[in-house]
Amino acid sequence: MIRHSKIEDIDEIVAIGREVNLSIWTPADYIKEFARNGSICLTKTDDNDGVEGFLHGREGISAITGGAVFELHNIGVRADLRGKGIGSMLLVELRRECGRRGISQIILDVRVSNKTAIRFYEKHNFTTVSTEKGIYSAPEEDGYLMTCLL
Ligand SMILES: CC(C)(COP(=O)(O)OP(=O)(O)OC[C@H]1O[C@@H](n2cnc3c(N)ncnc32)[C@H](O)[C@@H]1OP(=O)(O)O)[C@@H](O)C(=O)NCCC(=O)NCCS
(Lines give C-alpha, C1' and ligand atoms only; values in the text may rest on other atoms or scores of the structure.)
Protein backbone atom coordinates (compact mmCIF):
# COMPACT_ATOMS: atom_id res chain seq x y z
CA MET A 1 0.00 0.00 0.00
CA ILE A 2 0.94 3.64 -0.24
CA ARG A 3 0.65 5.76 2.88
CA HIS A 4 2.16 8.83 4.45
CA SER A 5 5.72 8.18 5.63
CA LYS A 6 6.31 7.67 9.32
CA ILE A 7 9.27 7.75 11.67
CA GLU A 8 9.58 3.93 11.61
CA ASP A 9 10.29 4.10 7.83
CA ILE A 10 13.30 6.37 8.14
CA ASP A 11 16.09 3.79 8.43
CA GLU A 12 14.86 1.99 5.31
CA ILE A 13 14.31 5.24 3.41
CA VAL A 14 17.86 6.37 4.22
CA ALA A 15 19.20 2.95 3.13
CA ILE A 16 17.35 3.17 -0.22
CA GLY A 17 18.60 6.74 -0.65
CA ARG A 18 22.19 5.56 -0.21
CA GLU A 19 21.70 2.56 -2.49
CA VAL A 20 20.34 4.70 -5.31
CA ASN A 21 22.84 7.51 -4.71
CA LEU A 22 20.26 10.21 -4.06
CA SER A 23 21.32 13.37 -2.29
CA ILE A 24 22.00 12.28 1.26
CA TRP A 25 19.30 13.14 3.77
CA THR A 26 19.97 12.18 7.38
CA PRO A 27 17.37 10.64 9.72
CA ALA A 28 17.13 14.03 11.44
CA ASP A 29 16.36 15.69 8.08
CA TYR A 30 13.49 13.24 7.53
CA ILE A 31 12.06 13.74 11.02
CA LYS A 32 11.90 17.50 10.34
CA GLU A 33 10.54 16.99 6.83
CA PHE A 34 7.66 14.72 7.95
CA ALA A 35 6.53 17.44 10.38
CA ARG A 36 7.00 20.39 8.01
CA ASN A 37 3.95 22.30 6.90
CA GLY A 38 3.39 21.76 3.16
CA SER A 39 5.55 18.67 2.81
CA ILE A 40 4.26 15.46 1.23
CA CYS A 41 6.18 12.29 2.13
CA LEU A 42 4.80 8.99 0.81
CA THR A 43 5.97 5.42 1.38
CA LYS A 44 5.13 2.30 -0.66
CA THR A 45 5.12 -0.68 1.67
CA ASP A 46 5.01 -4.45 1.23
CA ASP A 47 2.66 -6.76 3.15
CA ASN A 48 4.91 -6.61 6.23
CA ASP A 49 5.06 -2.79 6.22
CA GLY A 50 8.61 -2.92 4.82
CA VAL A 51 9.60 0.05 2.66
CA GLU A 52 9.77 -0.63 -1.10
CA GLY A 53 9.96 2.98 -2.25
CA PHE A 54 9.32 6.55 -1.19
CA LEU A 55 9.04 10.10 -2.40
CA HIS A 56 9.02 13.46 -0.73
CA GLY A 57 8.86 17.14 -1.56
CA ARG A 58 7.30 20.46 -0.61
CA GLU A 59 4.48 22.72 -1.60
CA GLY A 60 5.41 26.24 -2.69
CA ILE A 61 4.30 29.11 -4.89
CA SER A 62 5.24 29.26 -8.57
CA ALA A 63 7.29 32.35 -9.41
CA ILE A 64 5.73 32.27 -12.90
CA THR A 65 2.02 31.58 -12.37
CA GLY A 66 1.64 32.53 -8.70
CA GLY A 67 -0.23 29.23 -8.26
CA ALA A 68 0.53 26.40 -5.87
CA VAL A 69 3.33 24.17 -7.05
CA PHE A 70 4.83 20.99 -5.62
CA GLU A 71 8.59 20.57 -5.75
CA LEU A 72 9.53 16.86 -5.79
CA HIS A 73 12.85 16.50 -3.96
CA ASN A 74 13.44 12.76 -4.05
CA ILE A 75 11.88 9.57 -5.34
CA GLY A 76 13.53 6.20 -4.90
CA VAL A 77 12.65 2.55 -5.29
CA ARG A 78 14.67 -0.35 -3.85
CA ALA A 79 17.12 -1.42 -6.55
CA ASP A 80 15.83 -5.03 -6.67
CA LEU A 81 12.23 -3.84 -7.13
CA ARG A 82 12.63 -1.30 -9.93
CA GLY A 83 10.70 -1.58 -13.16
CA LYS A 84 7.68 -3.14 -11.42
CA GLY A 85 5.49 -0.07 -11.29
CA ILE A 86 6.30 1.07 -7.74
CA GLY A 87 7.63 4.50 -8.78
CA SER A 88 4.54 4.97 -10.95
CA MET A 89 2.22 4.09 -8.06
CA LEU A 90 3.97 6.67 -5.88
CA LEU A 91 3.59 9.37 -8.55
CA VAL A 92 -0.10 8.55 -9.07
CA GLU A 93 -0.73 8.90 -5.33
CA LEU A 94 1.27 12.15 -5.30
CA ARG A 95 -0.98 13.54 -8.03
CA ARG A 96 -4.06 12.63 -5.95
CA GLU A 97 -2.59 14.28 -2.86
CA CYS A 98 -1.69 17.40 -4.87
CA GLY A 99 -5.25 17.46 -6.22
CA ARG A 100 -6.65 17.36 -2.68
CA ARG A 101 -4.44 20.34 -1.78
CA GLY A 102 -5.31 22.39 -4.87
CA ILE A 103 -1.79 22.12 -6.33
CA SER A 104 -1.79 22.34 -10.12
CA GLN A 105 1.86 21.75 -11.01
CA ILE A 106 4.77 19.49 -10.02
CA ILE A 107 8.37 20.53 -10.68
CA LEU A 108 11.65 18.66 -10.17
CA ASP A 109 15.34 18.61 -11.06
CA VAL A 110 17.08 15.57 -12.47
CA ARG A 111 20.69 14.91 -13.42
CA VAL A 112 21.06 15.03 -17.22
CA SER A 113 22.77 11.60 -17.10
CA ASN A 114 19.87 9.94 -15.25
CA LYS A 115 18.24 8.58 -18.39
CA THR A 116 16.08 6.05 -16.51
CA ALA A 117 14.52 8.72 -14.33
CA ILE A 118 14.07 11.12 -17.28
CA ARG A 119 12.24 8.40 -19.23
CA PHE A 120 10.18 7.60 -16.15
CA TYR A 121 9.14 11.27 -15.75
CA GLU A 122 8.41 11.65 -19.48
CA LYS A 123 6.17 8.61 -19.29
CA HIS A 124 4.29 10.49 -16.57
CA ASN A 125 3.83 13.58 -18.76
CA PHE A 126 6.70 15.67 -17.43
CA THR A 127 8.44 17.91 -19.94
CA THR A 128 11.84 19.56 -19.79
CA VAL A 129 11.68 23.32 -19.23
CA SER A 130 15.36 24.23 -19.08
CA THR A 131 18.89 23.04 -18.43
CA GLU A 132 20.42 24.24 -15.21
CA LYS A 133 24.18 24.53 -15.41
CA GLY A 134 26.24 22.78 -12.73
CA ILE A 135 23.47 22.49 -10.13
CA TYR A 136 24.69 19.09 -8.97
CA SER A 137 27.88 18.32 -7.11
CA ALA A 138 29.84 15.10 -6.42
CA PRO A 139 30.03 14.65 -9.35
CA GLU A 140 29.37 18.12 -10.74
CA GLU A 141 26.69 17.93 -13.41
CA ASP A 142 23.95 19.90 -15.14
CA GLY A 143 20.32 19.23 -14.32
CA TYR A 144 17.07 19.42 -16.24
CA LEU A 145 14.18 21.32 -14.72
CA MET A 146 11.09 19.26 -15.54
CA THR A 147 7.45 20.09 -14.94
CA CYS A 148 4.02 18.55 -15.19
CA LEU A 149 0.66 20.31 -15.07
CA LEU A 150 -2.01 18.41 -13.14
C1 LIG B 1 13.21 6.44 -11.29
C2 LIG B 1 12.57 5.37 -10.40
C3 LIG B 1 12.00 6.04 -9.14
C4 LIG B 1 11.42 4.71 -11.21
O5 LIG B 1 10.75 3.79 -10.34
P6 LIG B 1 10.32 2.33 -10.90
O7 LIG B 1 9.49 1.71 -9.86
O8 LIG B 1 11.53 1.60 -11.33
O9 LIG B 1 9.48 2.77 -12.18
P10 LIG B 1 8.24 2.02 -12.85
O11 LIG B 1 8.43 0.54 -12.71
O12 LIG B 1 7.00 2.61 -12.34
O13 LIG B 1 8.52 2.37 -14.39
C14 LIG B 1 7.79 3.28 -15.13
C15 LIG B 1 8.58 3.70 -16.38
O16 LIG B 1 9.86 4.24 -16.05
C17 LIG B 1 10.81 3.86 -17.04
N18 LIG B 1 11.77 2.95 -16.44
C19 LIG B 1 11.74 2.38 -15.23
N20 LIG B 1 12.82 1.61 -15.03
C21 LIG B 1 13.55 1.69 -16.15
C22 LIG B 1 14.78 1.14 -16.56
N23 LIG B 1 15.50 0.33 -15.77
N24 LIG B 1 15.25 1.47 -17.79
C25 LIG B 1 14.55 2.27 -18.59
N26 LIG B 1 13.38 2.84 -18.25
C27 LIG B 1 12.89 2.55 -17.07
C28 LIG B 1 10.04 3.15 -18.12
O29 LIG B 1 9.58 4.13 -19.04
C30 LIG B 1 8.88 2.57 -17.34
O31 LIG B 1 7.78 2.35 -18.15
P32 LIG B 1 7.52 0.89 -18.75
O33 LIG B 1 7.47 -0.05 -17.59
O34 LIG B 1 6.21 1.05 -19.46
O35 LIG B 1 8.68 0.62 -19.67
C36 LIG B 1 13.57 4.25 -10.01
O37 LIG B 1 14.19 3.77 -11.19
C38 LIG B 1 14.67 4.69 -9.05
O39 LIG B 1 14.54 4.57 -7.83
N40 LIG B 1 15.79 5.20 -9.59
C41 LIG B 1 16.93 5.58 -8.76
C42 LIG B 1 16.64 6.87 -8.01
C43 LIG B 1 16.44 8.04 -8.94
O44 LIG B 1 17.14 8.18 -9.94
N45 LIG B 1 15.45 8.89 -8.60
C46 LIG B 1 15.15 10.07 -9.37
C47 LIG B 1 15.98 11.22 -8.90
S48 LIG B 1 15.52 12.72 -9.76
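So here's what we get for this one:
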quantity	calculated
The lone exception for Thr131 - which of (1) surrounded by 14 or more Cβ atoms within 10 Å (Cβ to Cβ); (2) more than 9 Å from the ligand (Cβ to nearest atom); (3) not in a loop (DSSP other than H, G, I, E, B) it fails	(1)
Per-region count, the stretch 1-42, residues farther than 25 Å from Gly143 by Cβ and outside any helix (DSSP H, G or I)	6
Checking Lys44 against (1) within 13 Å of the ligand (Cβ to nearest atom); (2) surrounded by 14 or more Cβ atoms within 10 Å (Cβ to Cβ); (3) closer than 20 Å to Ile24 by Cβ, the condition it does not meet	(3)
Index of the failed condition, Arg100 passing every other in (1) within 11 Å of the ligand (Cβ to nearest atom); (2) over 24 Å from Pro139 (Cα atoms); (3) surrounded by fewer than 16 Cβ atoms within 10 Å (Cβ to Cβ)	(1)
Residue list for the stretch 7-26, restricted to those being modelled with pLDDT of 95 or more and surrounded by fewer than 13 Cβ atoms within 10 Å (Cβ to Cβ)	Ile7, Glu8, Asp11
Test: residue in the stretch 60-70 that is more than 8 Å from the ligand (Cβ to nearest atom), over 20 Å from Thr147 (Cβ atoms), not in a strand (DSSP E or B) and not basic (Lys, Arg)	no
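The values are calculated or read from the model by the stated rules, or taken from the named source; none is laboratory data. Every value quoted in this text rests on a predicted model; they were computed, and no experiment measured them. For neighbour counting, all protein chains shown are included, and Cβ atoms are generated from backbone atoms with ideal geometry for every residue, glycine included.
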